[in-house]
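First comes the structure, then the notes that go with it.
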Amino acid sequence: MKKLILRMSVTLDGFMAGPAGEIRWLLPSRPDQEAKRWIADKMWQAGVHIMGSRTYADMAAYWPKSDDVIAPPMNEIPKVVFSRGGKPIGAATTQALADASSAAPVAADVAKSWAEPRVAAGELAHEIARLKAEPGKDIIAHGGVAFARSLVSSGLIDEYVLLVAPVVLGRGQGLFSELVEPQSFELVSSTRFPSGVCAQVLRPKRD
């Protein structure tokens, strides 16, 4: 059966974004190309990308225009959008898009996978179980904040790929803030990049 992998960038104090969704801390003036290549390689190992509807709107507005090394796997791999209303497409409204757009590189062709996503409107555990049972490569989940927290709190994630930035916010939107009990992990690997970002691959310890 396929694994569900959550790939997120977080601060040292475990935040995905600032209190209002700010991600300027995630956009350094000199991007770490080694880290980007590592992320792209991980993404190519997936057969599908899953995300919440607001994150879909933001990413669909950004990645098809990008020539970043991460853009090909982001654009070419099929998408599944989790939306209770059953409609994936909406206006990009988050602060994350505004932050990303201010650093957007040269435009490229619009990718078909963004125009024709599959929509998952059912109960979260049921939809994830159905995706895991399908043939193909593993599933990578991206967010946004509420969607990532739902996956974490429901215990559906098989592996975490956390890009930990050497930044502390002090307050913000935490990845693990909705856990009701402590969670132990097995550290699978740790990779440090020139920028100081550290990629931590972890698996939850199951009882």
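The values are calculated or read from the model by the stated rules, or taken from the named source; none is laboratory data. On a predicted model such as this, the values are computed, not experimentally measured, just so you know. With ideal geometry, Cβ positions are generated from the backbone for all residues, glycine too; neighbour counts draw on all protein chains shown.
Which of the residues belonging to segment 30-75 are in contact with a Pro (Cβ under 7 Å, 6 or more places away or on another chain), surrounded by 17 or more Cβ atoms within 10 Å (Cβ to Cβ) and among the small types (G, A, S)?
Matches in segment 30-75: S53, S66.
Can you spot a residue in segment 7-20 that is surrounded by fewer than 17 Cβ atoms within 10 Å (Cβ to Cβ), part of a helix (DSSP H, G or I) and of a type in the set (D, E, K, R)?
Within segment 7-20, none of the residues are surrounded by fewer than 17 Cβ atoms within 10 Å (Cβ to Cβ), part of a helix (DSSP H, G or I) and of a type in the set (D, E, K, R).
Out of the residues in segment 23-67 meeting the condition of being among the basic types (K, R) and within 26 Å of K132 (Cα to Cα), tell me which one is modelled with the highest pLDDT.
K42
Quick one: S53 ticks every box in (1) under 25 Å from L124 (Cα atoms); (2) in contact (Cβ under 8 Å) with a residue 60 or more places away in the chain; (3) within 15 Å of the chain's Cα centre (by Cα) except a single one, so which number is it?
Going through (1) under 25 Å from L124 (Cα atoms); (2) in contact (Cβ under 8 Å) with a residue 60 or more places away in the chain; (3) within 15 Å of the chain's Cα centre (by Cα) one by one, S53 breaks only (2).
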